[in-house]
Amino acid sequence: MGGGHLPIGRRERAKQDKRERIMTAARELFVEHGVGRVTTQQVARRADVAIGTLYLYASTKAELLIMVQNEKFAAAIDSGLVAADATAGQDVLEPVVALIRPVVECVREHIENGRTYLHELVFGDPAEPYRQAGLTLAGRLEDGVTGLLTRDEHIGAADAATLARVVTAIIHISTTATAHLHRSDEAVLADIRDQIHATLAPHHRAA
């Protein structure tokens, strides 16, 4: 065997190991200090990789944050979908709130990180791979809300899709607005619930 090249299996395992170390280091540092007080050099040092190696996996601190938060966002959506299914048969508002509860808690787990994550998804380059993955997750959440709303006999499919976009906008504003930063998760969720109820009410009145 010449050239000193690792077999592809070992090479891929080495890459995966480095990625996991980087993810773990970034996750820990973001929780400990918040994204604004963490540098890519700190992440590289804790992950025990060269800064150049880190940039092969994420070229900016924002991408590191998105990598970390995407995993949490995906898990929150999974939990919400399971919770929504458990409320089958109830008024449509209850499944929708059950779906979004873990998402709201995820975004507010660390306020600074959650706000920055959503800002980066909305205003960052949508062609960047990690942002693409995050936007796909946001689409999955919106689709989940749409599916729940279509269970309501008073809401058509087209209206359900539009209302789902309104619901996700409500979540975004309610979880990132400076005025809400010091409110509890339950207070924020109660406010979101009231807004969704008011959004859906005209469809029921019309029926």
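The values are calculated or read from the model by the stated rules, or taken from the named source; none is laboratory data. Everything quoted here is computed from the prediction, not taken from an experiment. All Cβ positions, even for glycine, are placed from backbone atoms using ideal geometry, and neighbour counts span all protein chains on display. Remember, those area values only see protein heavy atoms, side chains included, never the ligands or the DNA or RNA. Shrake-Rupley method; radii C 1.70, N 1.55, O 1.52, S 1.80 Å.
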Q: Answer with one residue from A50, T87, A74: the one whose Cα lies farthest towards the positive end of the charge dipole of the chain, charges on Cβ with Lys, Arg +1 and Asp, Glu -1.
A: A50
Q. Sorting E120, E109, E20 by accessible area (1.4 Å probe), largest first, what list results?
A. E109, E20, E120
Q | Dipole magnitude (debye, nearest 20) for the chain, charges at Cβ of Lys, Arg, Asp, Glu | A | 940
**Q.** With every protein chain in place, the stretch 1-129: carbon and sulfur % of accessible area (1.4 Å)
**A.** 55
Q. In square angstrom, what is the accessible area per residue of the chain with a 1.4 angstrom probe?
A. 51
Q) Quick one: Karplus J couplings for the stretch 38-54, per residue in order, coefficients 6.51, -1.76, 1.60, θ = phi - 60°, nearest Hz, x for Gly and Pro? A) 10, 10, 5, 5, 5, 5, 4, 5, 5, 6, 6, 10, 5, 4, x, 5, 4
**Q.** Hull-based mean projected area of the stretch 86-207, where the convex hull spans the alpha carbons, in square nanometres
**A.** 7.9
Q | Rounded tilt (10° steps) of 129-149 against the dominant C-alpha axis of the chain | A | 20
Q. For I173, I155, what's the largest-to-smallest order of accessible area, 1.4 Å probe?
A. I173, I155
Q: Could you tally the net charge around L189, taking each other residue with its Cβ under 11 Å from the Cβ of L189, Lys/Arg +1 and Asp/Glu -1?
A: -1
Q) For the Cα atoms of the chain, what angle does the longest principal axis make with the long axis of helix 8-33, in degrees from 0 to 90, nearest 10? A) 60
Q | Scattering profile of the stretch 9-97 at q = 0.15, 0.19, 0.23 Å⁻¹ [log10 I(q)/I(0), Debye over alpha-carbon scatterers] | A | -0.63, -0.81, -1.04
Q | Charge dipole magnitude, Cβ of K and R +1, D and E -1 - the stretch 103-176, Cα centre, debye nearest 20 | A | 40
**Q.** Per-residue SASA entry for D194, accessible area with 1.4 Å probe, Å² rounded to 10
**A.** 100
(Q) If I take the Cα coordinates of the chain and project them onto the principal axes, what are the three extents in Å, biggest first? (A) 75, 40, 29
Q: For R151 paired with L56, estimate the spin-label separation in nm (one decimal), with each label point 7 Å from Cα along the Cα-to-Cβ line.
A: 4.7
